[in-house]
Amino acid sequence: MSLFVSQEEREYKLPSEGMCSAVCVDVADLGEELNPFSQKVRHICRIVWEIDEAHPDYHRPFEVSNRYTVSLFEKSNLRKMLATWRGRDFTAAELKGFDLEKLIGVSCQVQIQHRTSAKGRTFANVVAVVPLGKGMRALGVSPSYKRAKDRDGYKPPLPASNEAPADVGEDDIPF
């Protein structure tokens with residue numbers, strides 16, 4: 001008897017595009033990864049927000065996230081996002097060390113934009129993070145949210161190798 005396997009086509013529900021209220025629920029250390037373009041190793045984190053729109057299937061807030069290189073260099077995306085969110089740039093003292101864990105539980109507004117990949121899949125991307133407007137109600141972290149580091153099976157990231165991955169030849173494939 002044969003066993004066939006195929007790729008499942010799944011449709012994911014996305015949050016609405018536009019500006020919405022959000023709260024930071026997680027900052028996850030993704031470890032180091034090799035940038036395929038520059039061939040340099042960079043330290044990556046993921047910042048996760050819950051937004052004020054409920055997922056229709058799960059009846060809990062949608063989660064949106066973005067990945068950042070862990071850097072406060074003046075042109076880094078992380079620093080630009082944090083300065084916009086805070087409404088001010090960093091002081092010289094703050095640039096010596098900023099604890100990203102301070103973000104958890106902090107409310108903001110996120111701008112969500114849908115983008116379609118080359119393979120035709122649409123994603124909800126966080127393109128901007130700004131402070132709450134005057135008079136806006138702060139959101140709290142939903143009690144059902146569990147941080148990545150607190151989930152069963154979590155393994156801390158390993159440092160990346162400085163070497164590019166070896167090419168796999170046709171003779172190396174086991175089938």
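The values are calculated or read from the model by the stated rules, or taken from the named source; none is laboratory data. Just so we're clear, the structure is a prediction, and the values are computed from it rather than from any experiment. Methodologically, a virtual Cβ is constructed for each residue, glycine included, from the backbone with ideal geometry; neighbour enumeration extends over all protein chains shown. Side chains included, ligands, DNA and RNA excluded: accessible areas come from the protein's heavy atoms. Shrake-Rupley method; radii C 1.70, N 1.55, O 1.52, S 1.80 Å.
A few notes on this one:
- Residue in segment 1-60 that is least open to solvent (accessible area, probe 1.4 Å), counting only those that are part of a loop (DSSP other than H, G, I, E, B) and within 22 Å of TRP85 (Cβ to Cβ): PRO15
- Some residue of segment 127-137 being open to solvent by 60 Å² or more (accessible area, probe 1.4 Å), among the charged types (D, E, K, R) and over 13 Å from the mean Cα position of the chain (by Cα): yes
- Among residues that are in contact with a strand residue (DSSP E or B) (Cβ under 7 Å, 6 or more places away or on another chain), within 19 Å of ASP26 (Cβ to Cβ), at pLDDT below 95 and of a type in the set (A, V, I, L, M, F, W, C), PHE98 is not included.
- Counting residues in segment 126-142 that are modelled with pLDDT of 90 or more, hydrophobic (A, V, I, L, M, F, W, C) and over 16 Å from CYS20 (Cα atoms) gives zero.
- Within segment 39-59, residues that are farther than 27 Å from PHE98 by Cβ reach partners that are at pLDDT 95 or above and part of a loop (DSSP other than H, G, I, E, B) with beta carbons closer than 7 Å, at six or more positions or on different chains, in the pairs GLU53/PRO15; GLU53/SER16.
- For segment 70-91, the count of residues that are in a loop (DSSP other than H, G, I, E, B), aliphatic (A, V, I, L, M) and more than 21 Å from ARG121 (Cβ to Cβ) is at least one.
- Selection count where residues are within 25 Å of SER16 (Cβ to Cβ) and surrounded by fewer than 18 Cβ atoms within 10 Å (Cβ to Cβ), scope segment 66-86: 5
- Those residues of segment 117-138 which are assigned to a strand (DSSP E or B) and either under 19 Å from GLN7 (Cα atoms) or hydrophobic (A, V, I, L, M, F, W, C) (or both), in sequence order: THR122, PHE123, ALA124, VAL126, VAL127, ALA128, VAL129, VAL130
- Among residues of segment 101-123, those that are open to solvent by less than 50 Å² (accessible area, probe 1.4 Å) and modelled with pLDDT under 95, counted: 1
- Within segment 63-87, the residues that satisfy the criterion of being among the small types (Gly, Ala, Ser) and either closer than 19 Å to GLU101 by Cβ or touching a Phe, Trp or Tyr at 6+ places or on another chain (Cβ under 7 Å) (or both) are SER65, SER71, SER76, ALA83.
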